[in-house]
Amino acid sequence: MQRWHGFDSIPTGWGHCVVTIGVFDGIHRGHQSIIAEAVRMAGERGVPSVLITFVPHPSEVVRPGSHPPVLTSIVRRAELVEQLGVDVFCALPFTLEFSKMAPDEFVHQALVDRLHASAVVVGENFRFGHKAAGDVALLSRLGRTFGFTAHGVPLLTEGDTPLSATYVRSCVNAGDMRTAAQVLGRPHRVDGVVERGDQRGRELGFPTANLRADAWAAVPADGVYAGCVVRLDEWGRTVAPLGTAAISVGTNPTFEVRQRRVEAYVLDFSGDLYGATVGVEFVERLRGMEKFDSVDALVKQMHADVDRTRELMG
């Protein structure tokens, strides 16, 4: 898969293609259905499929300070998109100037002049252009003018609930990792670099990897979780699994720690992870964060958490 950063990365002599557009944070099952349609249509037409996403999140540019929690880093998004068969992943810088572009101007400059789109596939609720003035109906009308077809894919639902990144974020924020995984089609993952902590876990017999995650990462609710840890390369791409893990999220009230942390105890692992880039995958919440009366009581509970993790993760 080719990776482009902005339209300046488009190769000379670029021909026709099928384009899909969206933030696509999470690449959840709803996104996957839209992307699958674009890939299918590109295959039928014998042209490449191009996925356009935006960095940073448009909300942060249009309404500074409103950046939502991020479900997938841009590197993780590209990795997941590649698995779905997309030919080109284009991360488009979203600037204030870009946000003021009228819908017809965006279509003409981006989809027609630069990408030579023969078809554009989006979710049926897709909005684009200044103040989100454009919708699928307008995209279809502009397509008839400029020579491409526009296709609005119906949104997937679970019962009466549309599958969306907002819904996944609400599940993650509540610690409901099973539902989050059902919508995503995989466990939710938080990526980051392992840094030195207080070494307290090592003293208690449970050495943990203390994760320094991105400031906007969608970190689950405080509590203890069963999951696993994967090793990433320096660019954040998945390399290999490290193993099953019992994961703590919170401030560790027993020791009156004020800083909120993500700490993963990788079962049966021996080695030094300091400075390594890893992904922590959350499968199920075991319990909430508790303050224990003694260190012995905490250690006893940690043993129980590890046993439960082994049971759940098989």
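Structure data summary
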item	result
Which numbered condition Ile74 fails, given (1) of a type outside the set (Gly, Ala, Ser); (2) surrounded by fewer than 16 Cβ atoms within 10 Å (Cβ to Cβ); (3) under 19 Å from Phe7 (Cβ atoms)	(2)
Lone qualifier among Arg308, Arg231, Arg287 - being of a type in the set (Lys, Arg), under 23 Å from Gln83 (Cα atoms) and assigned by TED's automatic domain parsing to the domain that holds Gly192	Arg231
Residues being surrounded by 19 or more Cβ atoms within 10 Å (Cβ to Cβ) and not hydrophobic (A, V, I, L, M, F, W, C) - total across segment 90-117	1
One residue from Thr309, Thr244 being in a helix (DSSP H, G or I), farther than 14 Å from Arg189 by Cβ and among the hydroxyl-bearing types (Ser, Thr, Tyr)	Thr309
Of residues in segment 121-135 being surrounded by fewer than 19 Cβ atoms within 10 Å (Cβ to Cβ) and of a type in the set (A, V, I, L, M, F, W, C), the one farthest from Arg63 (Cα to Cα)	Ala133
Any hit, segment 139-154, residues being part of a loop (DSSP other than H, G, I, E, B), in contact with an Asp or Glu (Cβ under 6 Å, 6 or more places away or on another chain) and in contact (Cβ under 8 Å) with a residue 12 or more places away in the chain	yes
Output for segment 278-293, where each listed residue is touching a Lys or Arg at 6+ places or on another chain (Cβ under 9 Å) and at pLDDT below 95	Phe292
Residue count, segment 164-198 (criterion: at pLDDT 95 or above, in a loop (DSSP other than H, G, I, E, B) and out of contact with any Pro (no Cβ under 8 Å at 6 or more places or on another chain))	5
Sole exception among (1) more than 30 Å from Val219 (Cβ to Cβ); (2) aliphatic (A, V, I, L, M); (3) surrounded by 15 or more Cβ atoms within 10 Å (Cβ to Cβ); (4) out of contact with any Phe, Trp or Tyr (no Cβ under 7 Å at 6 or more places or on another chain) for Ile27, by number	(1)
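The values are calculated or read from the model by the stated rules, or taken from the named source; none is laboratory data. Note that this is a predicted model, so its numbers are computed, not measured. Don't worry about glycine lacking a Cβ; one is built from the backbone with ideal geometry, like all the others, and counts go over all protein chains shown.
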